[in-house]
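See below for the structure under consideration.
The values are calculated or read from the model by the stated rules, or taken from the named source; none is laboratory data. This structure is a prediction, so every number in the text was calculated from the model and none was measured. Neighbour counts are summed over all protein chains in view; Cβ atoms, including those assigned to glycine, are modelled from backbone coordinates with ideal geometry. Quick note on the areas: whole protein, heavy atoms, side chains included, nothing else; ligands and nucleic acids left out. Shrake-Rupley method; radii C 1.70, N 1.55, O 1.52, S 1.80 Å.
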Amino acid sequence: MHPLDLSIIVGYLVLIVAVGVRLSGRVKSAHDFFLAGRSLAWWVIGLSIIGTNIGANSYVGAAGNAYMVGIAQANFEWIGAIPAMIIAALVFIPLYWKAGVYSIPEYLGLRYNQAVRVLAALITSVVAVFAIGVALWALALTLQTYLGWPIWVGIVVTGTVIGLYSIAGGLAAVAFTDTFQVIIMFLGGVAIVALGISDAGGFQGFATTLTQENPNHLQAYLPADHDSFPWPGVLLGLGVVLSPAYWCAGQAILQRSLGARTQWDASAGMMFAAVGKTFVPLLVVFPGLLALVMHAQIEYPDQALAWVIKNVLPPGMSGLMFIALIAALQSTVDSGVNSTSLMITRDIRHVIFKNASRESDLKVGRYLTLVLLLLAMCTAPLIAQMGGIYEFIQTLLSLFQGPMLALLLLGAFTRRATPHAGVFTLLSGVAIAAGLLASGWNMLYVAFASFVYALIALWVVSGFTRPVERDLDKLTYFPFRRPGKTVPAS
């Protein structure tokens with residue numbers, strides 16, 4: 001490695017730890033640790049949302065997926081993000097603010113009952129451990145490609161650095177490090193495009209090589225019988241279910257909005273992020289195609305981005321882009337551990353142990369952050385057996401996001417959905433999704449089928465169970481009331 005690149009990388013690692021330690025002085029309570037004291041401005045929220053989203057899954061994994069399938073990967077950024085982000089900004093973020101909640105499971109608990117709250121938090125937390133493990137695996141792969149480090153060394157080093165600033169500074173440290181890395185990422189992405197096309201023989205040479213050697217990589221939509229990303233599945237599973245569920249009900253994403261200083265900042269931050277997402281395909285798709293055109297010698301497709309950074313960018317710029325890549329991957333980890341520790345602390349611990357002290361939430365949250373990191377570090381090596389990380393993450397999400405989205409939609413827009421129907425729908429919907437995946441269904445079709453089932457089940461079962469009418473004015477948009485006896489919400 002060039003000494004300039006090494007100096008930049010070491011300096012960055014020292015800087016983010018220092019930021020975490022510096023911001024730790026502001027963390028006096030669980031409110032400060034989990035929601036940054038509700039002090040985040042709209043531009044910090046917007047950049048942090050992009051940073052959290054463009055992590056292991058949407059940066060390294062998406063570039064690797066573009067290496068395998070081509071420009072169809074861009075659908076996951078446009079169809080799979082922007083429409084749902086606008087809906088989240090205009091519809092769901094104001095609803096969560098009106099409800100005054102810390103988390104999405106807390107909202108579901110208020111709208112249905114505490115059993116739904118615990119189940120939603122538990123399912124999301126288990127999946128999050130694997131998602132954090134994926135990010136650590138991607139970090140280790142990147143360090144191996146760029147620095148030649150063994151996988152286990154990369155996992156230990158990055159886990160330690162992330163633990164230091166996440167445990168010290170909480171959400172504020174996470175948000176500000178995200179903001180820093182996104183700016184570098186966009187600048188580096190433009191440099192990769194310009195220098196990469198030049199190294200590939202100009203735009204004409206790049207396009208000619210890609211067209212002649214990999215013509216299928218120019219298809220915007222893949223055939224209906226494609227194993228992983230058939231176009232009907234992209235439109236139905238991704239566009240209708242996975243995308244709205246991720247952007248309107250994803251705790252790691254929306255925690256920044258819940259930590260905003262005002263509701264306006266929360267919604268404006270999401271809209272700002274949606275504008276930024278229109279340019280993201282340039283960052284995540286082009287490097288994968290460039291590695292393909294330049295005949296990169298890589299063992300895993302997910303190494304495509306790191307290979308391009310190492311072999312295309314000059315010293316200095318390479319180091320800057322590499323730390324942006326590290327930061328993007330770190331963002332997935334730090335956001336995951338912070339949001340998951342919040343859900344375990346508030347949505348599981350306080351519901352199951354009703355006498356648990358609120359004053360100890362900060363200490364418990366920090367301990368949980370450490371435990372979650374250690375669990376993910378142990379899980380990370382298993383990811384090598386799961387194929388590409390992008391497909392693996394989407395498969396995990398397809399297990400539960402259909403039923404979760406159904407509960408959110410009928411809960412927010414009707415008063416018909418009842419607590420017992422919510423519990424039944426969530427449990428049965430996840431079980432059906434798992435069964436469909438085990439039987440060989442494509443993950444995108446599983447997401448759509450489980451969503452449709454959950455909508456029908458929740459509507460029908462609600463007709464045979466007692467409604468909840470207490471406090472729903474702050475939890476729903478439309479006053480559709482069912483006659484019946486008012487019952488407690490828990």
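Peptides 8-15, 338-345, 259-266 ranked from most to least packed give 338-345, 259-266, 8-15, packing being the mean of other C-beta atoms within 10 angstrom over each peptide's residues. The stretch 400-428 and the stretch 164-198 have Cα centres lying 36 Å from one another.
Among the chymotrypsin sites (Phe, Trp or Tyr not before Pro) within the stretch 203-255, those in coil by DSSP and having at most 16 neighbouring Cβ atoms inside 10 Å are TYR221. Net charge near ASP361: determine it from the other residues with C-beta under 13 Å of the C-beta of ASP361, scoring Lys and Arg +1 and Asp and Glu -1. With Lys, Arg at +1 and Asp, Glu at -1, the neighbours total +3. When the alpha carbon coordinates of the chain are projected onto the principal axes, the ranges are 73, 54, 38 Å, largest first. Note on the stretch 397-458: Kirkwood radius taken over Cα pairs, Stokes-Einstein applied at 37 °C and 0.692 mPa s, translational D equal to 293 µm² s⁻¹. Relative to the longest principal axis of the C-alpha atoms of the chain, give the angle of the C-alpha long axis of helix 389-398, reported between 0 and 90° and rounded to the nearest 10°. Orientation of helix 389-398: about 10 degrees from the principal axis.
Computed over the stretch 132-273, the percent of Cα pairs more than 21 Å apart is 69. Using only side-chain charges placed at the Cβ, +1 for Lys and Arg and -1 for Asp and Glu, the dipole size of the chain relative to its Cα centre rounds to 2060 debye. Over all other residues within a Cβ to Cβ distance under 12 Å of GLU391, the charged ones net out to -2, with Lys and Arg as +1 and Asp and Glu as -1. Any chance you could check the Cα centroid distance between the stretch 1-45 and the stretch 450-475 for me, in angstrom? Going from one Cα centre to the other spans 42 Å. Element breakdown for the chain at a 1.4 angstrom probe: carbon and sulfur atoms account for 69% of the accessible area. You can think of it this way: the chain between TRP459 and GLN212 has 83.7 nm of extra reach, that is 0.36 nm per residue less the Cα-Cα gap.
When every alpha-carbon pair in the stretch 237-280 is counted, what percent end up more than 17 Å apart?
Within the stretch 237-280, distances greater than 17 Å cover 38 percent of Cα pairs.
Pair-distance distribution of the stretch 314-384: all C-alpha pairs, bin width 10 Å, starting at 0; shares per bin in whole percent are 18, 35, 25, 15, 6, 1. In the chain, helices alone account for a calculated mean residue ellipticity at 222 nm of -21500 deg cm²/dmol, with every DSSP H run of four or more residues adding -39,500 (n - 2.57). A 1.4 Å probe run over the chain, with the rest of the protein chains in place, finds 37 Å² accessible per residue.
Between the Cα long axis of helix 401-413 and the first principal axis of the chain there is an angle of about 50°, rounded to the nearest 10.
Helix 42-53 and the longest principal axis of the Cα set of the chain meet at an angle near 70°.
By the equivalent-ellipsoid construction on the alpha carbon gyration tensor, the stretch 1-109 comes out with semi-axes of 29, 27, 11 Å, ordered largest to smallest.
All other residues whose Cβ lies under 14 angstrom from that of SER243 are scored, Lys and Arg at +1 and Asp and Glu at -1, for a net of 0.
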